[in-house]
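Chemist: Below you'll find the structure I mean.
Quick note: the coordinates plus some simple rules give every number you see, no bench work behind them. Only a predicted model underlies this, so the values are computations on that prediction, with no experimental measurement involved.
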Amino acid sequence: MQVVSFRRVIVFVLLVIGLGVVYTPRLLTRKNFQPELTYIADLDYWQRTDREQAVEAALPIDMQHGLDAVPLQLGNWRGEDVPETNLEVFILLEPEQFVQRRYQDDAGHIVWLTLIGSRKTRSFHPPDLCYAADG
């Protein structure tokens, strides 16, 4: 009976050592031990399609952390919040969170960022509808 218990302890110790050997290098190379932030972006409602893209982020972009937590300064890009003037956006999409920003770099290039957070299926629609409605 003692031999069986001793073998179990040996197996457990070897398992712990093996896990340490496998995972310690990964943990040491991660900055501040933060989990990887990977999001799946797709254009088609709540289903995954062949058009989906995996997007890795350096900071959380989700409703739990708040979409407005995206910094206004991203590298050499400076952002400013721009109010949405089309009230139909809020009426039709009923977003729980909405962020619209204009970022500009030192060379004058401009990038628009719009983040819409919602748990309702009506908030998600093909971009061509939005582009046409927005002109």
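Chemist: Through the Karplus equation 6.51 cos²θ - 1.76 cosθ + 1.60, θ set to phi - 60°, convert the phi angles of segment 102-116 into ³J(HN,Hα) values in whole Hz; use x for Gly and Pro.
Modeler: Once rounded to whole Hz, the list reads 10, 9, 9, 9, 5, 7, x, 5, 10, 10, 9, 10, 10, 10, 10.
Chemist: Now for a different question. Rounded, prolate or oblate, given the Cα gyration tensor of segment 40-119, with a/c below 1.5 counting as rounded?
Modeler: oblate
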